[in-house]
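Read the structure below first, then the notes.
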Amino acid sequence: MSLANADSPLRPSMAGVGGRVRALALRMSVLVGLLVAWQLITSLVDDPVSWPTFTEVVGRFWEKWVTDPDAWTRSLLPSLARLLAGWTGAVVIGVVLGTAIGLSTRVRDFVDPIIQFLRSIPPPALLPLFIVLLGIGDEMKVTMILFGVVWPILLNTTDGVASVDSLHRETARVYRIPFGVELRHILLPSAAPKIFAGLRVSLSIAVILMVISEMVATVNGVGFELVQAQRSFRSLDVWATIVLLGIIGSVLNAILAAVEGRVLAWQGRATRALM
Amino acid sequence: MTVASGRRGLLDSRPARGLIGAAGLFAVLELATRAELVNPTYLPPASTILVTSARILADPDFLANVGGTLLAWAVGMAAAMAIAIPLGLVLGSSRRSYLAAITAIELLRPIPSVALIPLVILLLGRGLDMKVSLIVYASVWPILFNTIYGMREVDPVARDTARAFGLRRAAILWRISLPAASPFIYTGIRISAAIALILAISSELIAGGGPGIGTWMIANSETGVPRELLYAGIVVTGLIGLGINAILIAGERRLFGWHQRVRGST
């Protein structure tokens, strides 16, 4: 995150084992406080239908999403497959088109208004249309995810490629370096930090679109489970599924951050965008 | 198009090129549908969509739905700012409070906002409250993180100088830190404005619940309704998104033109 510099928390006075424990206690304090408050208040309210306790939610999550072997094949894997299909498609299209557009000011001028308009459409607004055009199958959901997440990738790639040091490009031209080599060794590495910023934003949008497309129209998937639970007033299942989606979001972010760390390791501390 | 391409001077300006690009796409879509390369029941001609867009913009029923969405958007944004800015100021100015809260925040933030829709329906029903709470949940994060980030960028010399001149903590916050952080806070608000619109429409699509663009779209996606209505609705929604962003960017230039961050942002 942009706040990574805050993650070197130990002041000199806090160093040492005791300091480490104190630092950890500090870091967990609000979280533990919130969870205790949740547990206490819900036990007092005693309305397990609307307000289950924290332990009940954890228990249900374990039962529904960890120990039930069917849950993975029935819901989790189809959802993740759609998510990855749509996102990967958007990465390929976004990076290729973004590079092409970023290379020429002229092309950028011609297509800019179109892109600005398309990316201003809130992606869920396209859902009814995509259902009408493509039905309620996987095709619709993958298209929905792809269309919704391609813009941050495309715009960031364009921006990254357009702001490559012109001296580098001119040097490549003087030495008659073939375009393929220039692309691989000059353009993409220079643009990589911005591309990754786009990938991070797009990944969280992809999770949102996966859920919403499965909620509106489907027969399986995590979003479907969620909406089924709501329709039959199984609020504990709703809570448990929200926990699962939080975990999916965190894990996907962590994987991408690890990849980013590796790819951009040569840059020292990666330039990270806000958000 | 032909006129413009004949003159070099016109082609060199950015707006002219943008206009040509848009007109070109329009022409391609129009010709493809008129020549029936695409099934016109799926994709109506671009001109039909454009005319329909103008027509629904004059339709009081549609405008009431737009109003419903924008009302939820405005209330949600106001509430998100009221929560995120003070919290960000606290977390940004005190390292201990930041460290204390960050684990909880990092666990809450990855929860995809739309996943909360079923829960909020169960707890709050399907009215304006539901829409607003979802908007608030999703819009709080960018504002919060940008506020914290902005507080970190406050020039320590300016702060120390103020302290040396005997300003109190509250006065330093109000007169030094807040103005210095405000361009960052504004960026957060601009990011959140787009997210809030997405959440407003998503919750309307899933939960219905009063007038709104999403509710209108569901009603117009039934069989028998001419397809161009759905396309026109999308065009208008895109224009609303574009309009909100344009207004906020213009505001940003006006308010924070002095700040170097603003000049580079898109």
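The values are calculated or read from the model by the stated rules, or taken from the named source; none is laboratory data. Remember, it's a predicted structure, so these values are computed and weren't measured experimentally. FYI the Cβ positions are ideal-geometry reconstructions off the backbone, even for glycines, and counts take in every protein chain you see.
So for segment A:68-76 (the condition being of a type in the set (Gly, Ala, Ser), outside any loop (DSSP other than H, G, I, E, B), modelled with pLDDT under 90 and within 21 Å of the chain's Cα centre (by Cα)), does at least one residue qualify? For segment A:68-76, residues of a type in the set (Gly, Ala, Ser), outside any loop (DSSP other than H, G, I, E, B), modelled with pLDDT under 90 and within 21 Å of the chain's Cα centre (by Cα): present. Residues in segment B:13-31: is at least one more than 30 Å from residue A:23 (Cα to Cα), touching a Leu at 6+ places or on another chain (Cβ under 6 Å), within 14 Å of another protein chain (Cβ to nearest Cβ) and aliphatic (A, V, I, L, M)? Looking through segment B:13-31, at least one residue is more than 30 Å from residue A:23 (Cα to Cα), touching a Leu at 6+ places or on another chain (Cβ under 6 Å), within 14 Å of another protein chain (Cβ to nearest Cβ) and aliphatic (A, V, I, L, M).
One residue stands out among those in segment B:155-175 that are of a type outside the set (A, V, I, L, M, F, W, C) and surrounded by 13 or more Cβ atoms within 10 Å (Cβ to Cβ): the one that is modelled with the highest pLDDT, which is B:161. Listed by position, the helices (runs of 4 or more DSSP H) inside segment A:163-275 whose residues that are away from chain B (no Cβ under 14 Å) and touching a residue at least 60 places away in the same chain (Cβ under 8 Å) number at least 2 are A:188-216, A:235-263.
When we screen B:101, B:79 for residues that are part of a helix (DSSP H, G or I) and over 27 Å from residue A:24 (Cβ atoms), the only hit is B:79. Would you say residue A:105 is buried (at least 19 other Cβ atoms within 10 Å of the Cβ), polar (S, T, N, Q) and within 14 Å of another protein chain (Cβ to nearest Cβ)? The answer is no for residue A:105. Total residues in segment B:122-159 satisfying the condition of being of a type in the set (D, E, K, R), assigned to a helix (DSSP H, G or I) and either within 10 Å of chain A (Cβ to nearest Cβ) or in contact (Cβ under 8 Å) with a residue 12 or more places away in the chain (or both): the figure is 3. The condition of being out of contact with any Asp or Glu (no Cβ under 6 Å at 6 or more places or on another chain), part of a helix (DSSP H, G or I), touching a residue at least 60 places away in the same chain (Cβ under 8 Å) and away from chain A (no Cβ under 14 Å) holds for only one of B:89, B:71, B:50, that being B:89.
Restricting attention to segment B:92-110, does a residue exist that is in contact (Cβ under 8 Å) with a residue 24 or more places away in the chain, basic (Lys, Arg) and either within 13 Å of another protein chain (Cβ to nearest Cβ) or surrounded by 14 or more Cβ atoms within 10 Å (Cβ to Cβ) (or both)? Yes, segment B:92-110 has at least one match.
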